[in-house]
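Read the structure below first, then the notes.
Just so it is clear, none of the values below were taken in a lab; they were calculated from the coordinates. Worth saying up front: this structure is predicted, and the values here are computed from it rather than measured. Neighbour counts run over all protein chains shown; Cβ positions are idealised from the backbone, glycine included.
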2 protein chains.
Amino acid sequence: MWALALTAARLSPPLPPPPPTLLPLPPTTPNHLHAHPTLPPPCRPPPSPCLRPPLLAFLHPITFLRWISQLLHRRVWPTTLRPGEVALVIKLGGSALTDKTSFETVKERVLQTTALQLRASTAPVIVHGAGSFGHFQAHEFGVARGAADPRFSWLGFSQTRASVSRLHTRVVSSLVAAGLPAVGLPPFPHWRTREKRVSRARVAELRAVLAKGLLPVLHGDAVFTDEGRECGILSGDELCRALSEALRPRLCVFLASVAGVFDRPPEAPHAKLIRVIRVDRRGRLVEGPKVSTDSVAHDVTGGLRAKLEAAVQIARLGVPVCICEGGTGHAAMALQGRIPSVCTMLVRSDHSFPEGGDYLATSCSKSTGTSVS
Amino acid sequence: MWALALTAARLSPPLPPPPPTLLPLPPTTPNHLHAHPTLPPPCRPPPSPCLRPPLLAFLHPITFLRWISQLLHRRVWPTTLRPGEVALVIKLGGSALTDKTSFETVKERVLQTTALQLRASTAPVIVHGAGSFGHFQAHEFGVARGAADPRFSWLGFSQTRASVSRLHTRVVSSLVAAGLPAVGLPPFPHWRTREKRVSRARVAELRAVLAKGLLPVLHGDAVFTDEGRECGILSGDELCRALSEALRPRLCVFLASVAGVFDRPPEAPHAKLIRVIRVDRRGRLVEGPKVSTDSVAHDVTGGLRAKLEAAVQIARLGVPVCICEGGTGHAAMALQGRIPSVCTMLVRSDHSFPEGGDYLATSCSKSTGTSVS
């Protein structure tokens, strides 16, 4: 589709591209997972095949062109999912989900809104952060530095895990209450890390869960490491990166507490939202003025630095990343695989995805996540 | 030790044997897991070797005899744990932990008392049941019969799991609050069943958790099956059996809502507690008057039937089973590996364990679990 749109754009005067639809809308037929008929049906993988049948393609010119386009441009997202394919890896950021300044406090409105929005999503995997759950304990006992830290104890490790599990149970319960077949898959003790990167993943079990039409929910966790320090923190961002590498979803969505990546702290005057950041196959930034992964500015934009570093690693794999504000209408669009007007997109430079446009044109308020200029 | 005691008994007039100590008391030295100095130190595996050094054995006659006894009678429990050996598999029964007649209601007193009692325990693995959590949902959606049931849906499956996870989080949080380094290990999706028996276990991860001195907490769960019905219930009792088979603990403790197995419903007049049930290597009952695993009476004694069937399977492995009432002083003794005066013991018939005594001599009240006649 995009290749066709770009070809058309070259023939006619350039127009601002419409928000592209990455994924088909979910089927509207009722299914056995559908608990509340007044709400949209919950997520499940569509049974349709990867490419439309060539016979139908030859009968309809647009379908034929789309089919040819998909054969020639594998980078363009196909409009249907292969059986067992994951459409979305969604990171529910700890700062979006909880009040990070208050001990074990959930932002109930964001959680419940996101749960309802996820009903219109298709074949997602959810990872949530810890926010104000676990972070206090992890800091007190030096869990991130493991047994090497003088403050460390295994009791502190279990306190950290117990706290994160409390949030995890609430997240899964909220999703289930919204009619989603969510099941929790805590990474501990099956996942392991080495130098903060996943060294042992358990993706086969996750695929088995997905194959049943269930909605797997993972979380950033305290895990064992393959190093001498024995244990450490597996961040939700790194978990997203590892899952994106293993599952190759169509899109990765980071729901943050801010509307995206800004060129300066979003509460500063004239802060501008960066619309698109392009990276090459090595993860180097090739487009995105005044943005770098080691920019200090990102440390004060709601903890976006780690998110941005993980997002860059995901984008270089060829999986586009959309960073937007959780609980907003923009998040609702992103969770349906559509690119909202207010977000930051990270894409690989050789991908035929939003060409043209001024990526610094939109200034957003932090609180609402909507365009103000 | 018991072989020696039996030899002495043959030389002198028979005396009622004292309550045998199966396990050494935990070390009293403070360790890094010890949060509250006024309470006994929490569980951790002792570092001592299996047998005392032969040099020391030859210097001290009693030690020498014990060493010889341990060499000759492998059935006699050694007094020290091998590194990584599991001392206890503890089943916290759903009826002991929750009010089964009331939706998602925890017996807070039993939970907190058990958490404090577990601090004096040594190298345990805990399995808890679901009680009034999960059972209602599992029944509503026919989860136990799987996808073959007309009521079944995967949303019901996730509702069942979400409910059990809420109990699990509360149990782990209570144990951690009592100063125990507890970590939750839900069986789903890693464990699988076939015909209600474990067909795939994940014991390696559990051993890794134990090796760090952590306290693993598992629970009865809704899991995938290897059969056509796709999913089913892995009961906490079957989980105990599988763990006992894999880990070969010194003792398995079932904490129930009643004092043990009775010859009739425990609230009936003249109900007598059966002290010892002996089974052979095939799991057939060889001692225990009026007791059979298919007796209807056990279905009305607080759901003891499934517990008893699992306990028989564990006892035939050579692991003695102690069934007693949770939250009582008897449970406290059992959790230290000592046999309380009010309980039901299941042992294999070729084991040199409690000889003599009238196993139907003690009648117990249901509520207190203490001897009344």
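Going by neighbour counts of Cβ atoms within 10 Å, the residues A:GLU325, A:GLU195, B:GLU140 line up, fewest first, as A:GLU195, B:GLU140, A:GLU325. The separation of region B:135-161 from region B:320-335, counted between C-alpha centres, amounts to 33 Å. Along the Cα-to-Cβ line of B:ARG200, 7 Å from the Cα, sits a label point; which residues in region B:216-231 have backbone N less than 19 Å from it? The answer is B:219-231, whose backbone nitrogens lie closer than 19 Å to the label point.
Using only side-chain charges placed at the Cβ, +1 for Lys and Arg and -1 for Asp and Glu, the dipole size of region B:82-223 relative to its Cα centre rounds to 320 debye.
Rounded, prolate or oblate, given the Cα gyration tensor of region A:195-272, with a/c below 1.5 counting as rounded? Judged from the Cα gyration tensor, region A:195-272 comes out oblate (a/c at least 1.5, b/c at or above a/b).
Using a/c under 1.5 as the rounded threshold, could you call region B:150-193 rounded, prolate or oblate? The axes a ≥ b ≥ c are square roots of the C-alpha gyration tensor eigenvalues, and prolate needs a/b larger than b/c, oblate otherwise. It is oblate, given that a/c is not under 1.5 and a/b is not larger than b/c. Counting from the shortest, the label point at B:ALA177, 7 Å from Cα toward Cβ, is 2.0 nm from the same position in each remaining copy.
Placing +1 on the Cβ of every Lys and Arg and -1 on the Cβ of every Asp and Glu, with no other charges, gives region B:185-254 a dipole of roughly 300 debye about its Cα centre. Only one residue of B:ALA147, B:PRO186, B:THR160 has its Cα farthest out toward the positive end of the dipole of region B:130-237, where Lys and Arg carry +1 and Asp and Glu -1 on Cβ, and that residue is B:PRO186.
When chain B is turned onto chain A, its residue with the beta carbon nearest the axis, and that distance in whole angstrom, is B:THR169, 2.
Between B:ARG281 and B:GLU267, the contour length at 0.36 nm per residue exceeds the Cα-Cα span by 1.8 nm. Comment: the Cα-to-Cβ extended label point of A:ARG229, at 7 Å, lies 4.8 nm from its counterparts in the other copies, nearest first.
Neighbours of B:VAL253 by Cβ distance under 12 Å: Lys/Arg scored +1, Asp/Glu scored -1, total +3. Within region B:177-273, antiparallel bridges make up roughly 60 percent of the DSSP beta bridges whose residues both belong there.
Excluding same-chain neighbours fewer than eight residues apart, the aspartates and glutamates reachable from B:LYS212 by a Cα-Cα span under 19 Å are A:ASP149, A:ASP221, A:ASP226, A:GLU227, A:GLU230, B:GLU85. Of the listed pairs B:LYS196/B:LYS272; B:LYS100/B:LYS272; A:LYS107/B:LYS91; A:LYS100/B:LYS91; A:LYS100/A:LYS196, which have alpha-carbon separations greater than 29 Å here? Checking Cα-Cα distances, B:LYS196/B:LYS272; A:LYS107/B:LYS91; A:LYS100/B:LYS91 exceed 29 Å. The Cβ shell under 11 Å around B:VAL125 holds other residues with a net charge of +2, Lys and Arg each +1, Asp and Glu each -1. Whole-Hz Karplus values for region B:110-117 come out as 5, 4, 6, 4, 5, 4, 5, 5 Hz, taken residue by residue from phi with 6.51 cos²θ - 1.76 cosθ + 1.60 and θ = phi - 60°; glycine and proline positions read x.
In a reduced charge model with +1 at each Lys and Arg Cβ and -1 at each Asp and Glu Cβ, region A:137-294 shows a dipole moment near 460 debye about its Cα centre.
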